[in-house]
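To keep things clear, I will list the structure first and then write my remarks on it.
The values are calculated or read from the model by the stated rules, or taken from the named source; none is laboratory data. Given the structure is predicted, the values throughout are model-derived calculations rather than measurements. FYI the Cβ positions are ideal-geometry reconstructions off the backbone, even for glycines, and counts take in every protein chain you see. Please note that ligands, DNA and RNA were not included when accessible areas were found on the heavy atoms of the full protein model with its side chains. Shrake-Rupley method; radii C 1.70, N 1.55, O 1.52, S 1.80 Å.
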Amino acid sequence: MSSINLRSLTKSFGPLVAVNNLDLELREGELVAFLGPSGCGKTTTLRMIAGFETADSGEIYLGGREVSSFPPERRDAGMVFQNYALFPHLTVYENVAFGLQMRKVPKEDIQTRVAEILQKVQLTGMENRLPRQLSGGQQQRTALARALVINPAVLLLDEPLANLDAKLREEMRFYIRNLQQEFGITTVYVTHDQAEALVLADRVAVMRNGVLQQIDVPEQIYQRPRNAWVANFVGIANLIPGTIGEPLNDVARINTGLGVIHANGGESLSVGSEALASVRPESLRLERGNGSAESASPTSSVNRLTGIIEDRAYLGNLADYRVRVDTDTVLRVQSAPFPVYDISEDVQLSFAVEETWLVLPEAEGER
Amino acid sequence: MSATADRVSMRERFQAGSSPPALLIIPALILVGGFFVIPYLYLLYMSFMTHTTGAAYIREFTLENYTETLRDPFNWRIIWQTLRFGIVTTLVTLILSYPLAYHMARAQSRVKGLLMILLLAPLLVGIVIRSYGWMILLADTGLVNQLAEAFGVGPFALMYNRTGVMIGLVHIYMPFMALSLLGSIQGIDPDIERAARSLGANGWQTFWRVTWPLSLPGVASGTVLVFVLTVSSYVIPSLLGGHRVITVPLLVVQTVQQIFNWPLGSALAIVFFVITIAIVGVYLKMMDRVMKGER
């Protein structure tokens, strides 16, 4: 049984379609990150699941119940807000106990359950503090405890780490992941931070303009983006446009301004259609020299190009190069900081065919 | 990074600019001192002087005015009636204004602007004119009674009695209550209410457990403001009460202008002032305790 099931969910605000015909199913205990830029519909979707927004059409199933007509208090969804939304006039204990009191849990049980959860989020001893007397991280954990103590059917997290500083944010990623695993709770995690989504999620749902672009495990989202927009939004992508040629020995080929590039994917693309070859900066290898065509001829497992180093940025753990391979094509290459290639130096670029992926030129919902 | 640095330096600059605050309160001090404190002290002085005919008072210390004021059961009836107007008006404006203020606080900005204009527009018209407006509506042959007659009911006595005064007071002082509440409800993050809902609280529980306690500062200031304005109101009770409904301000003015007893009027004014201050003081202390308990 799936825990969250969205069927052709649609929501408009005036002329703006915030969520367009969204179908999505979360397995029991799964954490799915909704990833996209602001205004992509991820928060609206979350609010529809929580019951704060009413869908124009479509169905929402939580734990097998169709809940679209239910008010928020009957949906059994624990929610953590971006600004935590703790009750400022209640202590940590009272904040966490609130949901249990609403459920008419006996007082002694409330005490044990609150104590238990506070221990789990390491807030024992903070019971009588007010939210404003807590650090950002402690407020965050109070909000998590408050949402989890009611044992909700699903957990909804709206950019929960956005207000924390960078270092704490990174720690909290693992913390939230562990907590979610421990409770085995089906979770929707809304974020605009791709690293957060990739680290935390079982699957990532990439959204844009209210349309689901791709939903898949993090590795697939990064290595096998469905279209150019996803490739660009998640990480850095070198996108080389061209037309699909005849495949050779089951390897797809795309005719580009830089010559034929061998690539994977594109099974759905027909010969002659427009597409782009997507290569991640770390998949490109640099070598010194302008190498003659013979020594650098591409094979069916490695693509080769020649270029000139145009710019170089030192990032500590790696170097970020901009390599001009054509009058109007500059590729990003990220490699180990040594050896150092100088600006204007001739280089050879090689990239494995299995790390070259064909993507559709347009985003979903634009055709 | 540079944006943050700019913001900090802007704030510092702002703080540095406001460093001599003492000078800034002088105009207000002159105004309050000259037109409020000094006349009140004079009133206090006069209340201890001896009544005479032919002059406002003679300079002879006496407690007679106070004993007379406190002994007269008529005065106490009027004081109680005035306080009751204050309490009832405050409660009615609170009950009527809260939903309005809540709706305004949560409305889209365009709707909010329109409601704000509607709320404030009556304040642009003088209180006397508005009272006359109510007289046209509430008179025995007024619009309301004509309408009632068309439906075969009435006529109702809506004017020159307590009902008329109440209607006028509620109408005129409601904006003060609504604005006080609006400010404090606007300060409540709607996500806090949503959080309560997601934790299983229904609309009423959310209101009583979250919204209401968080709006108490606005409730405190609004109720005090309306209570004080109501009990000191003169024009509305005199026009809509038609001198058949007497309140303390009316009685003070009558004592001074018709009986020409300045010291006695002053004493009554001072007694009522002390009672009002005491009530407001006790009330604010209670509210403070309630809010501390909530926090």
Quiz item: Across segment B:92-245, how large is the tail of the calculated P(r) beyond 23 Å, expressed as a percent of all Cα pairs?
Solution: 49 percent
Quiz item: Taking only the alpha carbons of chain B, what extent do you get along each of the three principal axes, in Å, biggest first?
Solution: 78, 65, 36
Exercise. With the convex hull built on the Cα atoms of segment A:1-133, state its orientation-averaged projected area in nm².
Key: 10.0 nm²
Exercise. Take B:H103, project a point 7 Å from its Cα along the Cβ direction, then tell me which residues of segment B:170-208 have their backbone nitrogen under 15 Å from it.
Key: B:175, B:178-179, B:182
Quiz item: At what distance in angstrom do the alpha carbon centres of segment A:308-367 and segment A:220-265 lie from each other?
Solution: 14 Å
Quiz item: Which helices of chain A meet both criteria: a Cα extent of 15 Å or more along the helical axis and a mean Kyte-Doolittle score no lower than 0.5, with helices taken as whole DSSP H segments?
Solution: A:92-102
Self-check item: Accessible area of the protein assembly as shown divided out per residue, in Å², using a probe of 1.4 angstrom
Solution: 50 Å²
Quiz item: For segment B:123-195, what are the per-bin percents of Cα-Cα distances with bins 10 Å wide, up to the bin holding the maximum?
Solution: 17, 32, 22, 15, 12, 1
Quiz item: Which value at 222 nm does chain A reach when only helices count, each DSSP H run of 4 or more adding -39,500 (n - 2.57), with the total divided by all residues and rounded to the nearest 500 deg cm²/dmol?
Solution: -7000 deg cm²/dmol
Self-check item: Debye-sum result for chain A in log10 I(q)/I(0), which assumes one identical scatterer on each alpha carbon, at q = 0.10 Å⁻¹
Solution: -0.74
Quiz item: If you average over every viewing direction, what projected area does the convex hull of the Cα atoms of segment B:107-159 give, in nm²?
Solution: 5.2 nm²
Quiz prompt | Convex hull projection area averaged over all views, segment A:11-61, Cα basis, nm² | solution = 3.9 nm²
Exercise. Provide, as a two-decimal number, the C-alpha radius of gyration of segment A:210-289 over 2.2 N^0.38 Å, N being how many residues it has.
Key: 1.15
Quiz item: Quick one: Debye curve from the C-alpha atoms of segment A:124-224, no solvent, what's log10 I(q)/I(0) at q = 0.11, 0.12, 0.23 Å⁻¹?
Solution: -0.38, -0.45, -1.35
Quiz item: Which shape class, rounded, prolate or oblate, goes with segment A:60-167 when its Cα gyration tensor gives a ≥ b ≥ c as root eigenvalues, a/c under 1.5 marks rounded, and past that a/b bigger than b/c marks prolate?
Solution: oblate
Exercise. Mind giving me the nanometre distance, one decimal, between the label points for A:S38 and A:Q181, set 7 Å out from Cα along Cα→Cβ?
Key: 3.3 nm
Practice problem: Would you please give the FRET efficiency between A:T10 and A:V340, computed as 1/(1 + (r/R0)^6) with r the Cβ-Cβ distance and R0 = 41 Å, to the nearest 0.05? | Solution: 0.15
Self-check item: Evaluated at q = 0.16, 0.23 Å⁻¹: base-10 log I(q)/I(0), Debye formula over Cα of segment B:204-257
Solution: -0.60, -0.83
Quiz item: By how many degrees, between 0 and 90 and to the nearest 10, does the Cα long axis of helix B:248-257 differ from the longest principal axis of chain B?
Solution: 40 degrees
Quiz item: How far, in degrees from 0 to 90, does helix B:212-231 lean away from the longest principal axis of the Cα atoms of chain B, to the nearest 10?
Solution: 20 degrees
Self-check item: Whole-angstrom Cα spans of segment A:4-223 along principal axes, big to small
Solution: 46, 39, 31
Exercise. Take every Cα-Cα pair in segment A:192-349 and report what % of them are more than 24 Å apart.
Key: 41 percent
Quiz item: Whole-Å semi-axes of the protein assembly as shown's equivalent ellipsoid, largest first, each the root of 5 times a Cα gyration tensor eigenvalue?
Solution: 73, 28, 26
